[in-house]
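S.K.: Right, I'll just put the structure down here and ask away after.
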Amino acid sequence: MSRDTPYYAVIFTSTLTENDSGYTKMAEQMENLAKKQPGFLGFESARSEVGISVSYWKTLKAITDWKAQTDHQFAQEKGIQEWYKWYKVRICRVEREYDFSK
């Protein structure tokens with residue numbers, strides 16, 4: 001699905017601790033909640049030893065509002081306390097996109 005550019009991507013890269021009980025359920029809940037937020041455009045995720053999740057947003061304000069959302073803040077704290085060994089967040093402006101599909 002093509003989006004009007006520019007827009008923003010939040011790239012969340014992480015590794016999990018051994019105690020990842022409840023992580024998958026919370027990740028699904030956060031994805032469903034993000035979809036309801038103003039300015040949300042889409043989400044892609046993959047996990048192996050390193051997880052990479054990318055969410056797409058219309059504006060930087062939409063990203064700031066999502067980070068401050070109460071349920072999301074709870075999930076962030078739980079992640080820091082229980083699930084993540086390490087994570088990094090990158091916020092990028094997408095100037096152009098193209099794709100291929102059969």
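The values are calculated or read from the model by the stated rules, or taken from the named source; none is laboratory data. A quick note: this is a predicted structure, and the numbers were derived from the prediction, not measured. All Cβ positions, glycine included, derive from the backbone under ideal geometry; neighbour counts span all protein chains shown. Areas reflect the complete protein model, heavy atoms only, side chains present, ligands, DNA and RNA absent. Shrake-Rupley method; radii C 1.70, N 1.55, O 1.52, S 1.80 Å.
For every residue, the table says whether it meets (1) touching a Pro at 6+ places or on another chain (Cβ under 8 Å); (2) crowded, with 17+ Cβ neighbours inside 10 Å; (3) in a strand (DSSP E or B).
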{"position": "Thr5", "(1), (2), (3)": "no, no, no"}
{"position": "Ala9", "(1), (2), (3)": "no, yes, yes"}
{"position": "Thr13", "(1), (2), (3)": "no, no, yes"}
{"position": "Ser21", "(1), (2), (3)": "no, no, no"}
{"position": "Lys25", "(1), (2), (3)": "no, no, no"}
{"position": "Glu44", "(1), (2), (3)": "no, no, yes"}
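S.K.: Scan the range 44-67 and report the pairs whose first residue is without any contact (Cβ under 8 Å) to a residue 24 or more places away in the chain and of a type outside the set (Ser, Thr, Tyr) and whose second residue is assigned to a strand (DSSP E or B) and open to solvent by 70 Å² or more (accessible area, probe 1.4 Å), with Cβ atoms within less than 6 Å and a gap of 6+ or a chain change.
M.R.: These pairs meet every condition: Ala46/Ile52.
S.K.: Here's a follow-up. Which condition number in (1) surrounded by 13 or more Cβ atoms within 10 Å (Cβ to Cβ); (2) in contact with a Pro (Cβ under 7 Å, 6 or more places away or on another chain) is the one that Trp57 fails?
M.R.: Here Trp57 clears every test but (2).
S.K.: Next up: For the range 32-41, check the following and say yes or no: at least one residue is open to solvent by 80 Å² or more (accessible area, probe 1.4 Å), of a type outside the set (D, E, K, R), touching a residue at least 12 places away in the same chain (Cβ under 8 Å) and within 26 Å of Arg96 (Cα to Cα). I'd like the intermediate steps shown before the answer.
M.R.: Taking the range 32-41 as the starting set, the residues that turn out to be open to solvent by 80 Å² or more (accessible area, probe 1.4 Å) are 32, 35-36, 38.
Now restrict to residues that are of a type outside the set (D, E, K, R): 32, 38.
With the extra rule that they be touching a residue at least 12 places away in the same chain (Cβ under 8 Å), the set shrinks to 38.
Checking which are within 26 Å of Arg96 (Cα to Cα) leaves us with 38.
There is at least one residue in the range 32-41 that is open to solvent by 80 Å² or more (accessible area, probe 1.4 Å), of a type outside the set (D, E, K, R), touching a residue at least 12 places away in the same chain (Cβ under 8 Å) and within 26 Å of Arg96 (Cα to Cα).
S.K.: Anything in the range 83-96 that is open to solvent by less than 60 Å² (accessible area, probe 1.4 Å) and not in a strand (DSSP E or B)? List them, or say none.
M.R.: Let us first name the residues in the range 83-96 that are open to solvent by less than 60 Å² (accessible area, probe 1.4 Å), namely 83-84, 92, 94.
Selection gives Trp83 alone.
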